[in-house]
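Take a look at the structure below.
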Amino acid sequence: MLHVIPHQLPWWVAGPGVGACVVLMYGLVNAKLGVSGGWLQLLRRASGEPMTEPWRAWFNGGLVVGAVLAAVLGAGAALHGYGRLSDLLGPPLLAPVALLAGVAMGYGARWAGGCTSGHGLSGCAARSRESLAATATFFSVAVGVTLLLHVATGGTL
Amino acid sequence: MSRAGTAVCLVIGVAFGFFLTGSGLGDYHTIHDGLLLQDPYIYLMLASSVGVATLGVLALERRGRTVLEGPLALPRHPVRRGTILGSTVFGVGFAVGATCPGITVAMIATGNVYGAVVLVGIFAGLWLRGRHETGSR
């Protein structure tokens, strides 16, 4: 919107910036940065249970603020669809597919004990065997499924 | 965690959300083209972030103490069956949605309203797994 930052920060700015967040979380508060865990805390709250790690929910609250900040300072929020997924599926199919993709991520992240941030960033940086295995698995599966869908849809996806 | 620690988490969360969204990962094509092996951005970003974080963790290990919360305790776990099965299920959602639990916020912030649908799905998935875990106990 304000175009203070470019449409896409160079990877050598965004990557180390995200990496610094992981290090600061470990070094300042002894905590493993991970987004799914924050959503899980909010889910506990919504189910009437006490939050076991409220700081995770606060971290995710910050994440929302930072995302809005980047959108305002950068390209802004023009309402748009779901990329090539919108081209392939009409709105009646798109919503359930998006929902199921989310269900798979939430279910899988809780089962695996982390997602792209908790395992992929924080766990890999701590050289945790579990996180290295998880990251190798979900990236291989995601590349495989993406290539498969690309072929199956005749290149639309 | 102390109040000060929680405030630190909030501030780091802002920075994290800023970099995730500023990187354009909230745009379907950034991750999708990466998973199609047509755009190296996500891999360069992942490698540079894990690289910086690994060096930082090594430095923290030498120091051994955290600023606010005592001796450094790193999360290191062995590989479980669920690690692989869960990550496989996660990978399918990651591929179809071309997003992940943090990036959905970047999607919504930059105007992809379907990001909200994905996020509702993530909550439902977290809940469902919790049900299955209590059920199998």
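Rounded to the nearest 20 debye, what is the charge dipole size of region A:38-144 about its Cα centre when +1 sits on each Lys and Arg Cβ and -1 on each Asp and Glu Cβ?
Taking the Cα centre of region A:38-144 as origin, the dipole is about 160 debye.
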Practice item. Among B:MET45, A:MET51, A:MET25, rank each residue by its count of other Cβ atoms within 10 Å, from fewest to most, as a rough exposure measure. Key: A:MET51, A:MET25, B:MET45
Revision key, fill the gap. When B:ARG131, B:ARG80 are arranged by how many other beta-carbons sit within 10 Å of their Cβ, fewest first, they go B:ARG131, B:ARG80
Exercise for review: Could you pull out the trypsin sites (Lys or Arg not before Pro) across region A:52-157 that fall in loop regions by DSSP (anything but H, G, I, E, B) with no more than 16 other Cβ atoms inside 10 Å?
Suggested key: A:ARG127
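How would B:ILE108, A:ILE5 line up from fewest to most surrounding beta-carbon atoms within 10 angstrom? Intermediate results must be reported in sequence, preceding the final value.
On the way: B:ILE108 23, A:ILE5 17.
Neighbour counts put them in this order, fewest first: A:ILE5, B:ILE108.
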Check your understanding: Among B:LEU36, B:LEU128, B:GLY24, whose Cα sits farthest toward the positive end of the charge dipole of chain B (+1 at Cβ of Lys/Arg, -1 at Cβ of Asp/Glu, about the Cα centre)?
Key -> B:LEU128
Practice item. For region A:1-108, build the charge dipole from Cβ charges (+1 Lys, Arg; -1 Asp, Glu) around the Cα centre, then report which of A:VAL4, A:GLY37, A:LEU100 sits farthest towards its positive end. Key: A:GLY37
Review point. Two-decimal Rg/Rh of region A:33-117 from alpha-carbon positions, Kirkwood Rh?
Key: 1.04
Exercise for review: Taking the Cα centre of the protein assembly as shown as origin, sum charge times position over the Cβ atoms of Lys and Arg (+1) and Asp and Glu (-1), and report the length of that vector in debye to the nearest 20.
Suggested key: 940
Study note, to complete from the structure: The correct pair for region A:1-79, radius of gyration to one decimal and Dmax as a whole number, both in Å and from Cα atoms, is 15.2, 42
Review point. Across 10 Å bins from 0, what is the distribution of all Cα-Cα pair distances for region A:81-157, in whole percents?
Key: 18, 38, 30, 13, 1
Practice item. Could you check how many percent of all C-alpha pairs in the protein assembly as shown are farther apart than 24 Å? Key: 47
Exercise for review: Grab every C-alpha pair in region A:15-157, bin the distances at 10 angstrom width from 0 up to the longest one, and report whole percents.
Suggested key: 10, 29, 37, 21, 3
**Study point:** Inter-chain Cβ neighbour average for residues A:31-42, partner chain, 10 Å
**Key:** 5
Exercise for review: Express in whole angstrom the spacing between the alpha-carbon centres of region A:1-50 and region A:58-124.
Suggested key: 13
Study note, to complete from the structure: Measuring from its Cα centre, chain B shows a charge dipole (+1 at each Lys and Arg Cβ, -1 at each Asp and Glu Cβ) which, in debye to the nearest 20, is 700
Review point. Can you give the calculated 222 nm mean residue ellipticity of chain B, where each DSSP H run of n ≥ 4 adds -39,500 (n - 2.57) and the sum is split over every residue, rounded to the nearest 500 deg cm²/dmol?
Key: -24000 deg cm²/dmol
Check your understanding: Taking the Cα atoms of region B:31-137 alone, what are Rg (to one decimal) and Dmax (as a whole number) in Å?
Key -> 17.7, 45
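Each value in this text was obtained by applying a stated rule to the coordinates, not by laboratory testing. These numbers come from a predicted model, not from an experiment. Neighbour counts run over all protein chains shown; Cβ positions are idealised from the backbone, glycine included.
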